[in-house]
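The values are calculated or read from the model by the stated rules, or taken from the named source; none is laboratory data. Please read all numbers here as calculations on a predicted model, not as lab measurements. Ideal geometry is used to build each Cβ from the backbone, glycine not excepted, and the neighbour counts take in all protein chains shown.
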Amino acid sequence: MAEIGISIDGRAPLFEIEAQAQAAEAGGASTLWIACHLFLRDPVTTAALALAATKKIKVALMAMSPYSTHPVYIAMAAASLDEKYAGRVILCLGAGAPADLKAAGIDSPKPLVAIGETVKVCRQLFAGETADFHGQMFNVTGRRLANGGYRIPIVIAASRPNMLKLAGRQSDGVLISAATSPPFVKVCLDQAGAGRKSCIVYTKLGSLDPIRRPIGFVLRGAHHAENIRLGGAGLDQQALAAAYAAENWSEVDRLVNDDVVRRHTACGTPQQVRDKLDEYRAIGLDEIVLGGLDDAASIATTLEAIGR
């Protein structure tokens, strides 16, 4: 039976985070995955609030990018949280959304090298070792963390073959992006090989309308072309990207039609949601991370409806 996690994307006001975290814990969720999207809310601050408001739920920083945050600082943030809340912190690494990095003027060359080196730097620092790392992109030497000596799991967010293989070789697990169709998730898991396997699944009870824009935010990325192809929905990615950039929400809603939503999410009636989650579960996931739940009430209601 796959565990259930909850994803927080950084759109909700910070004063709501404690209630969301408490609803997730009370509903039986195993992990709270807190997104790191540029221009939204800071995940480290959000994680600290969530951990302080709960007793046992784990919190994952998802997915910290070495392009926007240096590996040493990433390690510092995760280790500092784990120092206070031992055993409850997970570090998820990822290259970051290309469109967001571009908007911030951040280049992102050689993502395999960048993520692979970041894993190695963080491993050394978490272990309490004096770093001695000389890579193509990062060099960290002669220093160690003041609060090292912790065993913090490292997960890689991946959706492309080489990054999936890297996750299987060097990390403790893989996280597959939200809005990914079951056929695409299966291909990803086959490529990732060993390690814990998690996937974000947008989930919404009732009307499909509230989930269209979050799906559009994800699927507008060119790296989701294969996901869309395998999912079988007809979606014009270029038109979607243009509509999102222009904040033409009526066009976004039109492009992300009911067929797209049903192929890439678990939405609808409670039974439709349960059936779709069973479809994802059958692929072999260790954890299904419910995304698109915007407040504590929706988290509690959804977890109750799926029988957690």
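The combined condition, being touching a strand residue (DSSP E or B) at 6+ places or on another chain (Cβ under 6 Å), part of a helix (DSSP H, G or I) and surrounded by 21 or more Cβ atoms within 10 Å (Cβ to Cβ), is not fulfilled by Leu91. Got at least one residue in the range 239-256 being among the basic types (Lys, Arg) and within 27 Å of Ile90 (Cα to Cα)? No, the range 239-256 contains no residue that is among the basic types (Lys, Arg) and within 27 Å of Ile90 (Cα to Cα).
If the condition is being at pLDDT 95 or above and among the hydrophobic types (A, V, I, L, M, F, W, C), then the range 198-227 contributes Cys199, Ile200, Val201, Leu205.
For Ser108, the test of being surrounded by 21 or more Cβ atoms within 10 Å (Cβ to Cβ), on the phi < 0 side of the Ramachandran plot, touching a helix residue (DSSP H, G or I) at 6+ places or on another chain (Cβ under 7 Å) and of a type outside the set (A, V, I, L, M, F, W, C) is failed. So which residues in the range 1-35 are within 19 Å of Pro153 (Cα to Cα) and either of a type in the set (Gly, Ala, Ser) or at pLDDT below 95 (or both), if there are any at all? Ala2, Gly5, Ser7, Ala29, Ser30, Ala35 - these are the residues of the range 1-35 that are within 19 Å of Pro153 (Cα to Cα) and either of a type in the set (Gly, Ala, Ser) or at pLDDT below 95 (or both).
Quick check on the range 280-308: of everything there that is part of a loop (DSSP other than H, G, I, E, B) and over 19 Å from the mean Cα position of the chain (by Cα), which residue is modelled with the lowest pLDDT?
Of everything passing the filter in the range 280-308, Arg308 is modelled with the lowest pLDDT.
Please find, among Ala60, Ala114, the residue that is under 19 Å from Asp9 (Cα atoms), touching a Phe, Trp or Tyr at 6+ places or on another chain (Cβ under 8 Å) and in contact (Cβ under 8 Å) with a residue 24 or more places away in the chain.
On the way: Ala114 fails: under 19 Å from Asp9 (Cα atoms).
Being under 19 Å from Asp9 (Cα atoms), touching a Phe, Trp or Tyr at 6+ places or on another chain (Cβ under 8 Å) and in contact (Cβ under 8 Å) with a residue 24 or more places away in the chain holds for just one of Ala60, Ala114, which is Ala60.
Is there a residue being on the phi > 0 side of the Ramachandran plot and either modelled with pLDDT under 95 or surrounded by 14 or more Cβ atoms within 10 Å (Cβ to Cβ) (or both) anywhere in the range 129-145?
In the first step, residues of the range 129-145 are kept if they are on the phi > 0 side of the Ramachandran plot; the result is 142.
Imposing the further condition that a residue be either modelled with pLDDT under 95 or surrounded by 14 or more Cβ atoms within 10 Å (Cβ to Cβ) (or both) reduces the set to none.
The answer is no, given that none of the residues of the range 129-145 is on the phi > 0 side of the Ramachandran plot and either modelled with pLDDT under 95 or surrounded by 14 or more Cβ atoms within 10 Å (Cβ to Cβ) (or both).
Which one is nearest to Thr203 (Cα to Cα) among residues in the range 263-275 that are in a helix (DSSP H, G or I) and touching a residue at least 40 places away in the same chain (Cβ under 8 Å)? Ranking the candidates gives Val273 first.
Given the residues Ala29, Ala50, Ala63, Ala86, which is the only one that is buried (at least 21 other Cβ atoms within 10 Å of the Cβ) and part of a loop (DSSP other than H, G, I, E, B)? I'd like the intermediate steps shown before the answer.
Numbers: Ala50 fails: part of a loop (DSSP other than H, G, I, E, B); Ala63 fails: part of a loop (DSSP other than H, G, I, E, B); Ala86 fails: buried (at least 21 other Cβ atoms within 10 Å of the Cβ).
After applying the criteria, what remains is Ala29.
In this structure, does Gly105 turn out to be touching a Leu at 6+ places or on another chain (Cβ under 9 Å), more than 28 Å from Lys165 (Cβ to Cβ), outside any helix (DSSP H, G or I) and at pLDDT 95 or above? No; evaluated as a whole, the condition is false for this residue. In this structure, is Asp100 surrounded by 14 or more Cβ atoms within 10 Å (Cβ to Cβ), modelled with pLDDT under 95 and either in contact with a helix residue (DSSP H, G or I) (Cβ under 9 Å, 6 or more places away or on another chain) or not polar (S, T, N, Q) (or both)? It is true that Asp100 is surrounded by 14 or more Cβ atoms within 10 Å (Cβ to Cβ), modelled with pLDDT under 95 and either in contact with a helix residue (DSSP H, G or I) (Cβ under 9 Å, 6 or more places away or on another chain) or not polar (S, T, N, Q) (or both). Here is the figure for the range 282-308: residues that are closer than 24 Å to Ala192 by Cβ, surrounded by 19 or more Cβ atoms within 10 Å (Cβ to Cβ) and not aliphatic (A, V, I, L, M) total 3.
Taken over the range 1-26, residues that are in a loop (DSSP other than H, G, I, E, B) and surrounded by fewer than 16 Cβ atoms within 10 Å (Cβ to Cβ) amount to 3. There is no residue in the range 246-257 that is in contact (Cβ under 8 Å) with a residue 60 or more places away in the chain and assigned to a helix (DSSP H, G or I).
Only a single criterion out of (1) modelled with pLDDT of 95 or more; (2) farther than 22 Å from Thr302 by Cα; (3) touching a Gly at 6+ places or on another chain (Cβ under 6 Å); (4) not polar (S, T, N, Q) is not satisfied by Ala167, namely (3).
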